1. State to the nearest 20 debye the size of the charge dipole of the chain about its Cα centre, where the only charges are +1 on K and R beta carbons and -1 on D and E beta carbons.
2. What's the extension gain from GLN31 to TYR101 if we count 0.36 nm per residue and subtract their Cα-Cα distance?
3. Please give the peptides 22-31, 109-118, 49-58 ranked by average Cβ packing (other Cβ atoms within 10 Å per residue), highest first, as a rough proxy for protection.
4. Among [x] 0.93; [y] 1.09; [z] 0.96, which one is Rg/Rh (Cα atoms, Kirkwood Rh) computed from these coordinates?
5. Between the stretch 23-37 and the stretch 62-90, what is the separation of their alpha carbon centroids in Å?
6. Which percent, to the nearest 5, of DSSP beta bridges fully inside the chain are antiparallel?
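The numbers here are math on the coordinates, done by the rules we state, and not lab data. A quick note: this is a predicted structure, and the numbers were derived from the prediction, not measured. Positions of Cβ are generated from backbone atoms using ideal geometry, with glycine treated the same way; all protein chains shown enter the neighbour counts.
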Amino acid sequence: MSPPRIRNIAICVFHHQGKILVNAFPDPVKQQTLFRPLGGGIEFGERSADAIVREIREELNLPIRNVRLLGTLESLFTYLGNPGHEAVQVYDAEFIDPEVYEQNGLEGQESNGERFTAVWLDSTRLSHDGVLVPEGLHELLRSLSLLS
């Protein structure tokens with residue numbers, strides 16, 4: 001077993017008309033659903049903004065533009081009963097194809113081959129259906145008037 005470490009990740013909210021794009025992660029240990037914007041690990045030698053472009057291309061096969069940093073969060077959490085620690089660069093960006101925003105869900109694929117559907121959710125649905133992670137993200141987006 002490898003020693004615990006801090007994982008550096010970048011996520012992107014893609015805010016649009018009061019909604020953000022998220023992926024659902026069920027946690028049966030906590031008996032709750034976690035919602036997290038798309039993104040992933042920052043590779044050695046890679047800038048976090050470039051990681052967002054790469055991750056979205058890998059996961060959704062879609063080009064993006066106007067990538068901008070919103071803030072940085074530190075996340076200490078437990079998922080599936082295991083402790084985690086992440087330094088999170090939070091970004092916003094735009095999809096080049098405007099039709100992406102009209103779709104209820106976007107089909108994607110994780111690097112391990114697992115399929116997922118990312119969905120557009122507003123603040124009410126996020127709070128009602130689960131928990132937005134990482135901790136502090138909802139407050140950051142509210143302070144920037146990207147979520148109510």
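1. Taking the Cα centre of the chain as origin, the dipole is about 280 debye.
2. Result: 22.2 nm gained on full extension.
3. Those peptides, ordered most packed to least, come out 49-58, 22-31, 109-118.
4. Checked against the structure: label [x].
5. 15
6. Here the antiparallel bridges make up roughly 80 percent for the chain.
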